[in-house]
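Accompanying notes for the structure given below.
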Amino acid sequence: MTEDTTLRPENTDRGLQFMQHKALTDNTKTDEWTVNQQLAHQANGVACPVCGTVNDPDAMFCASCGRPLRMAVCPNCSSEIDPEADYCEICHHYIKPEVCSFCGAHMNEGEIYCHECGNPRGGIVCPVCNTLNDFAFCKQCGTPLTEEAKVLVEDMKKLPDYQLLTEAARELEELNMQRPFMSERDVVRDQMNGKLRERVLMLLAKDKGNPNPIIAEKKTKRLSNEELHLRKEEKARLLTEILDRMAVPALPSPVKARNYAMAQKPYGVRLAWVCNWKHAMHSSPCGCAKPQLGGKWVILGQNSKQEITDDNK
């Protein structure tokens with residue numbers, strides 16, 4: 001008769017060791033399988049060009065930062081562009097023929113005029129500066145070119161911040177037009193001119209039969225160079241505060257965002273558009289490929305055209 005030894009301590013220890021060894025081997029194989037799967041995923045996945053995260057092969061946007069993983073091609077110049085862009089910043093052309101560039105409505109392939117706003121697919125020539133435009137506002141002088149753009153401007157004028165903005169812009173323009181006193185001699189000369197004015201007006205009044213005319217004193221608006229510089233800085237700070245409050249938020253339509261931003265632009269001040277997409281400085285949102293991400297107007301100083309470089313690539 002064979003002796004049963006399965007419950008003996010030495011056999012129990014040997015069985016436990018075998019089971020532990022088997023479990024360790026299985027875990028090692030599992031870890032190796034996981035590593036191999038990760039390596040295969042990395043080999044077939046798409047690396048984000050912005051943050052480097054490896055995404056699934058079929059992913060269109062990065063799971064980490066949300067940026068597009070694949071670039072599209074401009075149909076006009078064949079440059080690589082963002083797949084969500086409706087404008088090529090390389091060749092400066094609107095590239096979404098299926099979307100009206102003036103109102104954002106869908107257009108069929110054979111339509112020459114938009115069935116929503118009635119504007120032509122080929123663009124509108126500005127009646128002020130003769131620039132051909134793809135958008136509702138002239139990219140050169142800012143003139144509203146469509147009925148929707150004109151209504152948008154009128155609605156914008158009713159906003160308190162826009163009213164403050166236009167007033168501050170007008171005051172800054174007046175300050176920029178002033179010629180300051182550069183020396184004490186300029187002050188004396190200005191006083192002499194004031195007295196000469198009073199004397200001429202006095203003589204003219206007496207010639208008309210008024211022996212005791214009252215000549216109103218004309219107060220000079222001229223300031224010293226230092227005072228004028230401080231006034232300009234003060235108005236520029238106020239303008240910057242208002243422009244910050246009026247920053248364009250993210251909007252679903254690039255066409256609507258572009259039109260809204262152009263409608264709030266004040267006249268008389270040199271401005272640039274800083275977009276939220278890549279924080280580039282454009283002459284206007286008409287030169288931005290993704291204005292739907294928002295942005296704001298910023299004030300440019302004198303002789304600073306070199307600051308706007310993104311529109312000239």
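The values are calculated or read from the model by the stated rules, or taken from the named source; none is laboratory data. On a predicted model such as this, the values are computed, not experimentally measured, just so you know. All Cβ positions, glycine included, derive from the backbone under ideal geometry; neighbour counts span all protein chains shown. Each accessible area value is taken on the protein alone, full model and side chains, heavy atoms only, with ligands, DNA and RNA left out. Shrake-Rupley method; radii C 1.70, N 1.55, O 1.52, S 1.80 Å.
Computed quantities for the displayed model
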quantity: Test result for HIS229, modelled with pLDDT under 95 and at positive phi; calculated: no
quantity: Looking only at segment 165-197, and only at residues there that are within 21 Å of the chain's Cα centre (by Cα) and of a type in the set (A, V, I, L, M), the one that is farthest from ALA236 (Cα to Cα); calculated: LEU165
quantity: Of residues in segment 230-254 being in contact with a Lys or Arg (Cβ under 9 Å, 6 or more places away or on another chain) and not in a strand (DSSP E or B), the one nearest to PRO83 (Cα to Cα); calculated: PRO254
quantity: Enumeration of residues in segment 101-122 that are closer than 15 Å to GLU148 by Cα and either under 25 Å from the mean Cα position of the chain (by Cα) or part of a loop (DSSP other than H, G, I, E, B) (or both); calculated: SER101, PHE102, CYS103, GLY104, ALA105, CYS114, HIS115, GLU116, CYS117, GLY118, ASN119
quantity: Residue in segment 138-155 that is part of a loop (DSSP other than H, G, I, E, B), among the aliphatic types (A, V, I, L, M), in contact with a strand residue (DSSP E or B) (Cβ under 9 Å, 6 or more places away or on another chain) and open to solvent by 90 Å² or more (accessible area, probe 1.4 Å) present; calculated: no
quantity: Residue satisfying all of: in segment 118-131; open to solvent by 50 Å² or more (accessible area, probe 1.4 Å) and at pLDDT 95 or above; nearest to PRO266 (Cα to Cα) among these; calculated: VAL128
quantity: All positions within segment 255-290 that are β-branched (Val, Ile, Thr) and either more than 18 Å from ASP86 (Cβ to Cβ) or surrounded by fewer than 22 Cβ atoms within 10 Å (Cβ to Cβ) (or both); calculated: VAL269, VAL274
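Condition check ((1) in contact with a Ser or Thr (Cβ under 8 Å, 6 or more places away or on another chain); (2) surrounded by 10 or more Cβ atoms within 10 Å (Cβ to Cβ); (3) under 30 Å from ARG270 (Cα atoms)) across all residues:
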position	(1), (2), (3)
ASN176	no, yes, yes
SER183	no, yes, yes
ALA205	no, yes, no
ASN210	no, yes, no
GLU217	no, no, no
